[in-house]
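The values are calculated or read from the model by the stated rules, or taken from the named source; none is laboratory data. Predicted, not measured: the structure shown is a model, and the values here were computed from it. Cβ placement follows ideal geometry from the backbone for every residue including glycine, while neighbour counts extend to all protein chains displayed.
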Amino acid sequence: MKRRLFLQNIGATAIGFSFLHSAMAGQLAASAGAVGRVVVVGGGMAGTSVAKYLRFWGGAGMDVTLVEPNASYISNIFSNMVLTGERTLSQLTFNYSTLKSKYGVKVQNSSVTSIDPVGKKVKLSSGTTLSYDRLVLAPGIDFEALPLSGTTANKAKIVHAWKAGTQTTSLKNQINAMSKSDTFILTIPPSPFRCPPGPYERACVVADHLKRTKGGGKVIILDANPKIQAAVQNFTTAFNSTHKGIITYVPNATISAINADTMSVVTSAGTFKGKVINAIPIHKAGNLITQSGIGLNNSANGKWASVDVLSYASTNPSLAGIHILGDSSSTTQPKAGHIANAEAKVCADAIINIFKGGTILQVPMTNSSCFIPITKTTVSWLTAVYRYDPATKTMIPAGNGVTESNGANSENYEDMFKWFKNLMADTFS
Amino acid sequence: MKKKSFKATSIGALFLVSVSLFSCKDDMMPPEKPDNSIADSELSLKAANIDLPGRVLASNCFQCHGTNGYAGELKIGEQSASSIIGDMNEMKSKNPGANIMNVHARAYTPEEIKIIANYISKQIKY
């Protein structure tokens with residue numbers, strides 16, 4: 001109780017301590033400076049990174065507990081390569097053992113059932129109650145229901161595979177059962193959605209796979225958006241040239257119905273039939289954000305968490321001490337694993353400095369990078385570095401802005417594997 | 001000076017640990033479980049070492065170049081600050097669409113690049 005008051009007082013006068021950070025840099029034993037309890041909810045890219053870096057940078061005084069119901073995490077990055085048989089789900093599975101053994105993060109295999117923002121406590125499905133000084137929520141995304149009709153068995157075939165796992169395996173099996181005269185339909189929801197280039201990449205690698213293994217096939221992209229949402233130049237080339245005759249791109253296709261019995265999709269751009277329908281539903285923040293009942297989902301449409309990108313603290317004034325990271329938060333940055341890792345470092349640094357009574361960094365920077373397969377052997381990339389803009393209080397692209405590679409090539413293909421390995425190591429080990 | 005000897009000690013200790021793990025495989029020593037855990041005091045010491053200005057900026061490098069710059073491939077750790085600054089300046093002149101590092105190098109001011117380079121040059125493998 002005393003400590004909590006102390007921390008609040010420090011928070012209120014944080015600016016007054018701004019000189020401390022530089023004066024003590026490199027001299028202060030971290031355990032003497034940063035002392036506090038942090039509960040992190042969600043063991044994806046954002047939650048795992050923030051738990052690691054709170055301990056790595058904050059030292060032994062940081063009491064960090066990660067709450068995650070699953071024993072391991074399956075990477076969404078590279079999961080399109082599971083569809084084409086180039087990777088297995090087990091190769092994309094990471095666990096929390098290094099987080100525990102090397103960084104001393106406590107891991108609770110449980111879910112959060114309620115949050116008490118006044119008493120600063122979270123209740124878990126295991127029955128445990130955890131007290132916190134700071135709570136970091138990173139529950140990723142959930143989906144709106146699809147306008148789906150049909151028998152239960154047929155409806156089960158309509159998958160999104162947008163959270164890597166059993167649906168990925170189902171979609172892979174459905175693709176394998178296709179013949180060269182069959183059509184694969186991919187529906188893309190209105191932005192924002194997780195991994196902006198991801199659906200277009202999926203269309204490319206599935207088209208390439210059908211061409212290579214079936215001798216042909218059709219891929220129809222039904223995009224609810226008016227245009228390609230990321231890496232426009234490279235995907236335009238892929239659709240019009242590399243995968244010409246296989247991929248058909250249909251913009252402005254808002255879905256009104258999907259019939260799983262007739263395997264047809266009714267949209268504002270027409271009705272389309274396919275052998276396989278891969279429907280990615282409209283996104284919203286993880287259920288914890290939209291169903292907590294404490295006002296975490298305070299974006300304009302009530303689907304996302306608005307945050308201060310200096311620390312990822314909720315902008316809801318009644319939620320002091322709660323931070324929301326990664327895909328659940330509403331920022332100008334893309335929803336993706338690589339940048340979630342960067343957001344986590346900004347958040348970890350801010351929390352440590354708040355605990356130390358210092359000031360938080362006023363010009364944070366983050367970056368988004370992804371390698372995008374266009375075929376089995378050629379890869380493009382998309383990257384941007386974001387800098388905090390004090391005028392708009394948002395993260396805006398710096399330098400050359402959002403930049404995509406000049407086409408796809410095999411050199412990028414090699415780099416892609418180094419990127420993935422190092423990104424996952426920076427997050428999980 | 002202090003940091004160097006600490007680094008040398010850590011590498012030495014790691015070497016000894018790995019030697020002992022391999023050598024005791026078949027002899028009569030009591031079985032020892034490989035233990036990656038780090039004592040809290042050691043964690044504090046390392047955390048203190050990395051508590052320098054610029055860690056958030058520098059950590060933008062870690063996703064591709066490894067935590068503290070020590071990836072297996074694409075490692076940038078153990079470079080001097082001036083060498084990192086030189087590399088970043090060289091990247092600034094490349095074609096952005098042909099070189100992903102150009103986009104990253106151009107996003108930072110010369111002062112920020114100095115801070116990043118200084119930070120990374122002082123880090124140890126973790």
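Touching a Phe, Trp or Tyr at 6+ places or on another chain (Cβ under 8 Å), more than 9 Å from chain B (Cβ to nearest Cβ) and among the basic types (Lys, Arg): is that true of A:LYS335 in this structure?
So A:LYS335 fits the description; yes.
Report the residue count in the stretch A:262-291 for those that are within 16 Å of the chain's Cα centre (by Cα) and of a type in the set (A, V, I, L, M, F, W, C).
Qualifying residue count, the stretch A:262-291: 5.
With the requirement that a residue be in contact with a helix residue (DSSP H, G or I) (Cβ under 8 Å, 6 or more places away or on another chain) and surrounded by 19 or more Cβ atoms within 10 Å (Cβ to Cβ), what does the stretch A:240-262 give you?
Answer for the stretch A:240-262, where residues must be in contact with a helix residue (DSSP H, G or I) (Cβ under 8 Å, 6 or more places away or on another chain) and surrounded by 19 or more Cβ atoms within 10 Å (Cβ to Cβ): A:THR242, A:HIS243, A:ILE246, A:ILE247, A:TYR249, A:ALA260.
Need at least 3 residues that are not β-branched (Val, Ile, Thr) per element, so show me which strands (runs of 3 or more DSSP E) inside the stretch A:202-299 make the cut, counting only ones lying wholly within it. Don't jump to the end; show me each part of the working.
On the way: elements: A:218-223, A:247-250, A:255-259, A:264-267, A:270-273, A:276-279, A:283-285.
Of the strands (runs of 3 or more DSSP E) lying wholly inside the stretch A:202-299, those with at least 3 residues that are not β-branched (Val, Ile, Thr) span A:218-223, A:255-259, A:270-273, A:283-285.
Restricting the search to the stretch A:360-402, which residues are more than 18 Å from the chain's Cα centre (by Cα), β-branched (Val, Ile, Thr) and closer than 19 Å to A:VAL50 by Cα?
Hits for the stretch A:360-402 are A:ILE360, A:VAL363.
Going residue by residue through the stretch A:382-402, is there one that turns out to be aromatic (Phe, Trp, Tyr), outside the structural domain of A:ALA207 (by TED's automatic domain parsing) and assigned to a strand (DSSP E or B)?
Kept after step one, since they are aromatic (Phe, Trp, Tyr), are these residues of the stretch A:382-402: A:386, A:388.
So of that shortlist, the ones also outside the structural domain of A:ALA207 (by TED's automatic domain parsing) come out as A:386, A:388.
Checking the rest, the ones that are also assigned to a strand (DSSP E or B) come to A:386, A:388.
Scanning the stretch A:382-402 turns up at least one residue that is aromatic (Phe, Trp, Tyr), outside the structural domain of A:ALA207 (by TED's automatic domain parsing) and assigned to a strand (DSSP E or B).
State whether the residues of the stretch A:355-369 include one that is in a helix (DSSP H, G or I), more than 10 Å from every other protein chain (Cβ to nearest Cβ) and under 24 Å from A:LEU66 (Cα atoms).
Yes, because at least one residue in the stretch A:355-369 is in a helix (DSSP H, G or I), more than 10 Å from every other protein chain (Cβ to nearest Cβ) and under 24 Å from A:LEU66 (Cα atoms).
Find the residue count for the stretch A:48-72, including only residues that are more than 8 Å from chain B (Cβ to nearest Cβ) and in a helix (DSSP H, G or I).
6
So that you can scan it fast, the table gives a plain yes or no per residue for (1) in contact (Cβ under 8 Å) with a residue 60 or more places away in the chain; (2) among the acidic types (Asp, Glu); (3) surrounded by fewer than 19 Cβ atoms within 10 Å (Cβ to Cβ); (4) touching a strand residue (DSSP E or B) at 6+ places or on another chain (Cβ under 8 Å):
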{"site": "A:PRO69", "(1), (2), (3), (4)": "no, no, yes, no"}
{"site": "A:SER79", "(1), (2), (3), (4)": "yes, no, no, no"}
{"site": "A:VAL82", "(1), (2), (3), (4)": "yes, no, no, no"}
{"site": "A:ARG87", "(1), (2), (3), (4)": "no, no, yes, no"}
{"site": "A:PHE94", "(1), (2), (3), (4)": "yes, no, no, yes"}
{"site": "A:LEU99", "(1), (2), (3), (4)": "yes, no, no, yes"}
{"site": "A:SER110", "(1), (2), (3), (4)": "no, no, yes, yes"}
{"site": "A:LEU135", "(1), (2), (3), (4)": "yes, no, no, yes"}
{"site": "A:PRO139", "(1), (2), (3), (4)": "yes, no, no, yes"}
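Please enumerate the residues belonging to the stretch A:403-429 that are in a helix (DSSP H, G or I), more than 18 Å from the chain's Cα centre (by Cα) and either at the interface with another protein chain (Cβ under 8 Å from one of its Cβ atoms) or touching a residue at least 40 places away in the same chain (Cβ under 8 Å) (or both). Don't jump to the end; show me each part of the working.
Taking the stretch A:403-429 as the starting set, the residues that turn out to be in a helix (DSSP H, G or I) are A:410-428.
Narrowing the set further to residues that are more than 18 Å from the chain's Cα centre (by Cα) leaves A:410-418.
Listed by number, the residues that qualify are A:ASN412, A:TYR413, A:ASP415, A:MET416, A:LYS418.
Of the residues A:ILE277, A:ILE282, only one is within 30 Å of A:ALA153 (Cβ to Cβ) and surrounded by fewer than 18 Cβ atoms within 10 Å (Cβ to Cβ); which?
Being within 30 Å of A:ALA153 (Cβ to Cβ) and surrounded by fewer than 18 Cβ atoms within 10 Å (Cβ to Cβ) holds for just one of A:ILE277, A:ILE282, which is A:ILE282.
Considering the stretch A:380-415 alone, what residues qualify as being closer than 23 Å to A:SER79 by Cα and surrounded by fewer than 20 Cβ atoms within 10 Å (Cβ to Cβ)?
Pass one, the stretch A:380-415, residues closer than 23 Å to A:SER79 by Cα: A:380-384, A:404-405, A:407-415.
Residues satisfying the conditions are A:GLY407, A:ASN409, A:SER410, A:GLU411, A:TYR413, A:GLU414, A:ASP415.
Under the condition of being in a loop (DSSP other than H, G, I, E, B) and more than 7 Å from chain A (Cβ to nearest Cβ), which residue from the stretch B:51-72 is farthest from A:PHE428 (Cα to Cα)?
Looking at residues that are in a loop (DSSP other than H, G, I, E, B) and more than 7 Å from chain A (Cβ to nearest Cβ), I get B:GLY54.
In the stretch A:273-308, what count of residues is obtained for those that are closer than 21 Å to A:GLU201 by Cα and of a type outside the set (Lys, Arg)?
9
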